[in-house]
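The values are calculated or read from the model by the stated rules, or taken from the named source; none is laboratory data. Note that the coordinates shown come from a computational prediction; the quantities given were computed from them, not determined experimentally. Glycine gets a Cβ as well: all are built from the backbone with ideal geometry, and neighbour counts include every protein chain shown.
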Amino acid sequence: MTRRFWPFSQQKNTPSEQELIKQIDPQRMPKHIAIIMDGNGRWANRRGLPRAAGHRAGVESLRRVLEACEDLRIPVLTVYAFSTENWKRPADEVNALMDLLVEYLQRELNDLHQKGVRISTIGLISELPEAPRRELEKAIQKTAKNDKMILNVALNYGGRLEIVEAVKRIAEEISQGRMTTAEINEKLFGQYLYTAGIPDPDLLIRPSGELRLSNFLLWQSAYTEIWVTPTLWPDFGRIELMQAIIDFQKRDRRLVA
């Protein structure tokens, strides 16, 4: 019988943070970590709470992970906050998510700015409601010159849509005579993606145990190492992040272009 590999974190006895730090090689850190922040709804349902409570708990997880990335000197953290498919959720849940985004930015912006974190976004930000769009624009502008770390937030984002939008922009360049088809290659195509100027993720983390990309960074993840854990996002923190990095450092990345 063929044994199937499940890239889960399954350690029964959770090691301490100090034990994990000793296992991390500071010379082989991922330069870009991407996270699908999944499991908020299930976390709330298991506790008999409204889904909005799970999303609020997920914000606290983001704070913990962001602080850990700062401590570990990870240059780029990209988080999947709201997909183009999420608009299909109940209106009350969508409104709660948008309100939570506004609250997070208003509460955390000054602290992030002082720490040198630059906030950027990927996705169709122009289609967001006015309040979150305004707060995002304010955050992006205020932190534009920061260079300690990039917090890249995927909002109203879909990987397939990103590729289609890039194709449209390239087609427009060709139709206007500013480009020829002979010039198109992978490097040039990457310059038309939302993530232009940001290195592809070295490590993609998927909480909640789901084994799929969910339309997230499809082009950029061609050579990305994927780490999956059954831990739901609101329970995810420094320990889980370090476990993912340790596993990443054990892998032989021969396929990296």
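Could you check the stretch 47-74 and list, in sequence order, the residues that are touching a residue at least 40 places away in the same chain (Cβ under 8 Å) and either among the small types (Gly, Ala, Ser) or out of contact with any helix residue (DSSP H, G or I) (no Cβ under 9 Å at 6 or more places or on another chain) (or both)?
Of everything in the stretch 47-74, those that are touching a residue at least 40 places away in the same chain (Cβ under 8 Å) and either among the small types (Gly, Ala, Ser) or out of contact with any helix residue (DSSP H, G or I) (no Cβ under 9 Å at 6 or more places or on another chain) (or both) turn out to be ALA52, GLY54, ALA57, GLY58, SER61, ALA68, GLU70.
Does LEU211 satisfy the condition of being closer than 30 Å to GLN249 by Cβ and surrounded by 12 or more Cβ atoms within 10 Å (Cβ to Cβ)?
Spelling it out, it is not the case that LEU211 is closer than 30 Å to GLN249 by Cβ and surrounded by 12 or more Cβ atoms within 10 Å (Cβ to Cβ).
Listed here are the residues, each with its yes/no results for (1) basic (Lys, Arg); (2) at pLDDT below 95; (3) in contact with a helix residue (DSSP H, G or I) (Cβ under 9 Å, 6 or more places away or on another chain); (4) closer than 25 Å to MET149 by Cβ.
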{"position": "ARG4", "(1), (2), (3), (4)": "yes, yes, no, no"}
{"position": "SER9", "(1), (2), (3), (4)": "no, yes, yes, yes"}
{"position": "ASN13", "(1), (2), (3), (4)": "no, yes, no, no"}
{"position": "GLN23", "(1), (2), (3), (4)": "no, no, yes, yes"}
{"position": "ILE36", "(1), (2), (3), (4)": "no, no, yes, yes"}
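For the stretch 98-130, name all the residues that are touching a Pro at 6+ places or on another chain (Cβ under 9 Å) and either in contact (Cβ under 8 Å) with a residue 40 or more places away in the chain or of a type in the set (Gly, Ala, Ser) (or both).
LEU101
Going through ARG46, ARG42 one at a time, which residue ends up being farther than 29 Å from SER120 by Cα, out of contact with any Cys (no Cβ under 8 Å at 6 or more places or on another chain), surrounded by fewer than 18 Cβ atoms within 10 Å (Cβ to Cβ) and at pLDDT 95 or above?
After applying the criteria, what remains is ARG46.
Exactly one condition in (1) touching a residue at least 12 places away in the same chain (Cβ under 8 Å); (2) under 21 Å from the mean Cα position of the chain (by Cα); (3) part of a helix (DSSP H, G or I); (4) more than 20 Å from ALA34 (Cα to Cα) is not met by ARG133; state its number.
(1)
Looking at the stretch 32-79, which of its residues are of a type in the set (Asp, Glu) and either in contact with an Asp or Glu (Cβ under 9 Å, 6 or more places away or on another chain) or in a strand (DSSP E or B) (or both)?
ASP38
State which residue pairs qualify: first residue hydrophobic (A, V, I, L, M, F, W, C) and inside the stretch 165-191, second residue outside any helix (DSSP H, G or I) and surrounded by 10 or more Cβ atoms within 10 Å (Cβ to Cβ) in any location, beta carbons under 7 Å apart, and separation of 6 or more residues or different chains.
Cβ pairs passing all conditions: ALA166/TYR192; ALA166/LEU193; ILE170/MET179; ILE170/ILE184; ILE170/TYR192.
Starting from residues that are in a helix (DSSP H, G or I) and of a type in the set (Gly, Ala, Ser), keep the ones in the stretch 159-192 and report whichever is surrounded by the most Cβ atoms within 10 Å (Cβ to Cβ).
GLY159
Would you be able to tell me the number of residues in the stretch 113-130 that are assigned to a helix (DSSP H, G or I) and either over 25 Å from PHE216 (Cα atoms) or among the polar types (S, T, N, Q) (or both)?
3
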